[in-house]
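The values are calculated or read from the model by the stated rules, or taken from the named source; none is laboratory data. Keep in mind that what you see is a predicted model, and the values were worked out from it rather than measured. Cβ coordinates were reconstructed from backbone atoms using ideal geometry, including for glycine residues, and neighbour counts include every protein chain displayed.
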């Protein structure tokens, strides 16, 4: 099997796994809505009629303002074409857009000493790629190109849409579960309808779902993030025809020790090419990204 065939097989496998994970997230979301209906009304179908539309409106609002929210959280600004490093960034983004056959994203810069970058947007036509000033200063042109190829792959693979929607679903599940949790222990939700009925087991299942759903949804979101990073690495290497460029950039990111606290919000940390908040173990189930050493190994095996 040729390296090209191995790469395509790797991409297909990651896409298939992402579909399965997203399906699980959707089922978990519906489960929380059912639990909401059963705990409050002893009728989960009432929740589908009233609760589901409200939850979907919440997701739609989050989706609509996602780009502005991410850029604001990152404290990003438009790239200045009159600054040499930022002009090079604009050129690299244009090159990768041509290679991917996509419209050129808007280019932003985050004033941060970290070596990092991220992509956001609802679709390729209104996408944004942002790089830190640390990346512009510390990366060589081929390394910066590798990073831009990675971010362009996120746009090409519709990762920015998946990340936005799944983050909104995670937020919705957490919000519904928190309301139910406090209602159960402080407001006595569902108590007036009697607790000694034949459906006590269903009530216990509903309560367990309310407690565990936020944890499972968060883990699922992080699993999606890790899968998409591997896929973007592989596809980015195909766009640049130079896996070594991204591999060397990841090595620099791994060894980078920036001054001061990272800028931005932990909420959008999964969007970056590497987690800017490095306090957690890279092998933790709570990690937003796969281990850097494994990413480098896969790139150099292409």
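Details
Rundown of residues vs (1) out of contact with any strand residue (DSSP E or B) (no Cβ under 6 Å at 6 or more places or on another chain); (2) modelled with pLDDT of 85 or more; (3) assigned to a helix (DSSP H, G or I), yes/no style:
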| position | (1), (2), (3) |
| --- | --- |
| 225 | yes, no, yes |
| 237 | yes, yes, yes |
| 248 | yes, yes, yes |
| 259 | yes, no, no |
| 263 | yes, no, no |
| 267 | yes, no, yes |
| 276 | yes, no, no |
| 281 | yes, no, no |
| 284 | yes, no, no |
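Okay, residues lined up against (1) closer than 15 Å to residue 269 by Cα; (2) surrounded by 24 or more Cβ atoms within 10 Å (Cβ to Cβ):
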| residue | (1), (2) |
| --- | --- |
| 137 | no, no |
| 142 | no, no |
| 149 | no, yes |
| 154 | yes, yes |
| 157 | no, no |
| 175 | no, no |
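- Of the residues making up the stretch 85-101, just one is surrounded by fewer than 16 Cβ atoms within 10 Å (Cβ to Cβ) and at pLDDT below 95, namely 101.
- Residue match in the stretch 64-82 (condition: more than 22 Å from residue 275 (Cβ to Cβ), modelled with pLDDT under 95 and in a helix (DSSP H, G or I)): yes
- Annotation: residue 56 fulfils all but one of (1) without any contact (Cβ under 8 Å) to a residue 60 or more places away in the chain; (2) within 13 Å of residue 170 (Cα to Cα); (3) over 21 Å from the mean Cα position of the chain (by Cα); the unmet one is (3).
- Subset of the stretch 88-97 (residues that are over 17 Å from residue 138 (Cβ atoms) and either out of contact with any strand residue (DSSP E or B) (no Cβ under 7 Å at 6 or more places or on another chain) or outside any helix (DSSP H, G or I) (or both)): 91, 94, 95, 96, 97
- Hits in the stretch 111-134 (condition: crowded, with 24+ Cβ neighbours inside 10 Å, under 19 Å from residue 160 (Cβ atoms) and touching a residue at least 60 places away in the same chain (Cβ under 8 Å)): 116, 117, 118, 119, 120
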